[in-house]
1. On the given criteria, is A:SER53 loosely packed, with under 15 Cβ neighbours inside 10 Å, of a type in the set (Ser, Thr, Tyr), within 11 Å of another protein chain (Cβ to nearest Cβ) and at negative phi?
2. For region A:65-116: of the residues being in a strand (DSSP E or B) and free of Cβ contacts under 8 Å to residues at least 40 places away in the same chain, which is farthest from the other protein chains (Cβ to nearest Cβ)?
3. With chain B as the region, which strands (runs of 3 or more DSSP E) entirely inside it contain at least 1 residues that are touching a residue at least 24 places away in the same chain (Cβ under 8 Å), farther than 20 Å from A:LYS108 by Cβ and within 14 Å of another protein chain (Cβ to nearest Cβ)?
4. Here is a check on your reading of the model: is A:PHE68 over 29 Å from B:THR5 (Cα atoms), of a type outside the set (Ser, Thr, Tyr) and within 12 Å of the chain's Cα centre (by Cα)?
5. Can you report the number of residues in region A:31-45 which are within 18 Å of A:VAL78 (Cβ to Cβ) and within 8 Å of another protein chain (Cβ to nearest Cβ)?
6. Considering only residues that are more than 11 Å from the chain's Cα centre (by Cα) and buried (at least 20 other Cβ atoms within 10 Å of the Cβ), which ones fall in region B:69-82?
7. Do we find that A:LEU84 is loosely packed, with under 14 Cβ neighbours inside 10 Å, at pLDDT 95 or above and not small (Gly, Ala, Ser) in this structure?
8. Has region A:23-30 got any residue that is within 13 Å of chain B (Cβ to nearest Cβ), modelled with pLDDT under 95 and assigned to a strand (DSSP E or B)?
Amino acid sequence: AQKITQTQPGMFVQEKEAVTLDCTYDTSDQSYGLFWYKQPSSGEMIFLIYQGSYDEQNATEGRYSLNFQKARKSANLVISASQLGDSAMYFCAMILRNSGNTPLVFGKGTRLSVIA
Amino acid sequence: EAQVTQNPRYLITVTGKKLTVTCSQNMNHEYMSWYRQDPGLGLRQIYYSMNVEVTDKGDVPEGYKVSRKEKRNFPLILESPSPNQTSLYFCASSLGRGAEAFFGQGTRLTVV
């Protein structure tokens with residue numbers, strides 16, 4: 001079964017600085033997808049970025065980029081130029097593409113606090 | 001607007017009183033699922049559905065039921081809620097298993 005590990009329960013970052021949120025995953029499958037979601041204090045889950053296991057380039061979406069290192073099984077989220085509105089919980093998640101009915105598996109999350 | 005709609009957003013109920021949390025999506029997605037989110041445990045899948053009339057258990061299905069009679073709706077049923085089912089619940093839908101999941105707004109359930 002696949003597993004996602006987020007080792008940073010909480011992070012602080014100064015406004016306008018970049019921050020990296022760590023995510024490592026464990027699977028023996030070769031075909032999978034990696035996601036990052038943001039959960040603000042209002043509770044909703046907001047999709048940020050996606051990386052497929054066969055994608056050769058790191059995914060980017062505006063200020064978000066995913067530092068995908070397949071050999072190390074890591075998929076760290078990089079937020080550039082942090083804003084106060086980035087303060088939230090961030091979840092890394094993975095899904096297997098070819099292994100039957102597998103769920104989207106989430107890490108336990110990292111709480112990011114952006115300081116003015 | 002593409003969205004997943006859950007109702008109610010907040011619910012307080014008593015132990016043993018049956019309840020249903022509704023979930024509806026307007027994106028014609030085949031894959032839908034329910035998660036619960038608990039502090040320190042992250043999100044865990046309760047049930048999922050690959051298509052109409054096709055449902056299966058996730059990681060924590062005990063105490064829950066689901067049905068998928070129509071593509072757009074995927075209600076979560078608690079036949080006899082207990083306090084350990086107090087949680088934040090999310091419904092999600094996606095085009096397929098490996099695609100981006102769209103989440104509902106969440107339902108905060110308290111069972112007393």
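The values are calculated or read from the model by the stated rules, or taken from the named source; none is laboratory data. Quick caveat, the model's predicted, so the values are computed rather than measured. A quick note on method: Cβ atoms are made from the backbone with ideal geometry, for glycine too, and the neighbour counts reach across all protein chains shown.
1. Working: loosely packed, with under 15 Cβ neighbours inside 10 Å: no; of a type in the set (Ser, Thr, Tyr): yes; within 11 Å of another protein chain (Cβ to nearest Cβ): yes; at negative phi: yes.
Judged against the criteria, A:SER53 is not a match.
2. From region A:65-116, those in a strand (DSSP E or B) are A:65-69, A:74-79, A:88-96, A:105-106, A:110-115; that's our starting set.
Imposing the further condition that a residue be free of Cβ contacts under 8 Å to residues at least 40 places away in the same chain reduces the set to A:65-66, A:68-69.
Details: A:SER65: 17, A:LEU66: 13, A:PHE68: 16, A:GLN69: 20 Å.
Result: A:GLN69.
3. Working: elements: B:4-7, B:10-13, B:19-25, B:31-38, B:42-51, B:54-57, B:76-78, B:87-94, B:107-111.
Answer list for chain B: B:4-7, B:10-13, B:19-25, B:31-38, B:42-51, B:87-94, B:107-111.
4. Details: over 29 Å from B:THR5 (Cα atoms): yes; of a type outside the set (Ser, Thr, Tyr): yes; within 12 Å of the chain's Cα centre (by Cα): yes.
For A:PHE68, the condition - over 29 Å from B:THR5 (Cα atoms), of a type outside the set (Ser, Thr, Tyr) and within 12 Å of the chain's Cα centre (by Cα) - is met.
5. Going through region A:31-45, the residues within 18 Å of A:VAL78 (Cβ to Cβ) turn out to be A:34-38.
Narrowing further to those that are within 8 Å of another protein chain (Cβ to nearest Cβ): A:35, A:37.
Adding up the residues that qualify gives 2.
6. Step one: of region B:69-82, the residues more than 11 Å from the chain's Cα centre (by Cα) are B:69-72, B:79-82.
Answer for region B:69-82, where residues must be more than 11 Å from the chain's Cα centre (by Cα) and buried (at least 20 other Cβ atoms within 10 Å of the Cβ): just B:PRO81.
7. Numbers: loosely packed, with under 14 Cβ neighbours inside 10 Å: yes; at pLDDT 95 or above: yes; not small (Gly, Ala, Ser): yes.
When the stated conditions are applied, A:LEU84 passes them.
8. The answer is no, given that none of the residues of region A:23-30 is within 13 Å of chain B (Cβ to nearest Cβ), modelled with pLDDT under 95 and assigned to a strand (DSSP E or B).
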